[in-house]
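Report on the structure given below.
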Amino acid sequence: MSDMYDNFQKYFEIVEANTNELLEIVYRLRYQVFCVEHDFLDASLYPDKLEKDNYDNHSSHVLLRFRSSGDFIGSVRLILFDPLQPEKLFPVELYTQLDPTLCNIKALPRQHIAEISRSVVVKQFDRRRGERRESRAEVTDESIAERNRRASDRRSTPHLSLMLMAAVMRMSIKHNIRGSRLGELIISDELP
C-alpha cells in the first residue's frame, strides 16, 4: 500500500451515507460549506440548514470522518440514473454545453453513467499547513498549538479530495458505472 493511503487510514475513514441520519449529516456539511463558509448559495433558501436538491434521492453519498474527533469533515455524491424518471437530465446536461465529439452523453447507456458532484471539505480541513499565513496579530499561543496539532495529524494526508475521489470509484463499482468509454463518469460542479 502507498504511504498516502496508510496515512489516510490512520487519520480518516470513508463512511457510506446509507441511513437517514448520515444523509442529514451530508446535507448539513454541504450547507456549512456552500452557504456559510463560501457564501456560494443563498442560506435563506435553506431554513432547515440542509443543502439538498432533487438529485439526492437517486444519488450515492459518502462522508469523510476524522478519526481522532469522530467529526465528519467532507462528503461527495455520485448522481445516478433515475429509474423513476428515465428522461431526467443530469445537471451537466442542464448547465453546460458538451462537445458531442468529445462526449456524446445522449449515446451512452444512461443506467451505466453517473455524475460526480457536491464534493466538499469543511474549511478547517481544506488547507494544508503553510497555505494560509497568519498576521502578527493572529499569532497566539493557541494558534501555535493548533498549528502544531495540525502538523502532527490530519496534514499527513495532503489531498483529501483524492480520497473522496477514491470513494467515488468505490461507489461507481458498487452501482455498475462503467468507465470503458470517455464520459461515462462525468465530473461537474453543477451549481448554477
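Taking the range 35-59 as the range and being assigned to a helix (DSSP H, G or I), closer than 30 Å to P86 by Cβ and either charged (D, E, K, R) or in contact with a strand residue (DSSP E or B) (Cβ under 7 Å, 6 or more places away or on another chain) (or both) as the test, the residues that pass are D56, H58. Just to check your reading of the model, which residue among Y46, Y31, Y55, Y5 is of a type in the set (S, T, Y) and touching a Lys or Arg at 6+ places or on another chain (Cβ under 6 Å)? Going through Y46, Y31, Y55, Y5 in turn, the sole match is Y31.
Given R77, R67, which one is touching an Asp or Glu at 6+ places or on another chain (Cβ under 9 Å) and closer than 22 Å to V36 by Cβ?
Sole residue among the options that is touching an Asp or Glu at 6+ places or on another chain (Cβ under 9 Å) and closer than 22 Å to V36 by Cβ: R77.
Within the range 1-20, residues that are part of a helix (DSSP H, G or I) reach partners that are acidic (D, E) with beta carbons closer than 7 Å, at six or more positions or on different chains, in the pairs Y11/D153.
Grab the helices (runs of 4 or more DSSP H) fully contained in the range 73-192, keeping just those with 2 or more residues being basic (K, R) and modelled with pLDDT of 55 or more.
160-174
Evaluate the following for E51: is it within 13 Å of S119 (Cα to Cα) and in contact (Cβ under 8 Å) with a residue 12 or more places away in the chain? Yes. Which one is surrounded by the fewest Cβ atoms within 10 Å (Cβ to Cβ) among residues in the range 8-55 that are of a type in the set (S, T, N, Q) and under 18 Å from D71 (Cβ atoms)? The residue in question is T19.
The values are calculated or read from the model by the stated rules, or taken from the named source; none is laboratory data. Model, not experiment: these values are computed from the prediction. Here Cβ is always computed from backbone atoms with ideal geometry, including for glycine, and neighbour counts include all displayed protein chains.
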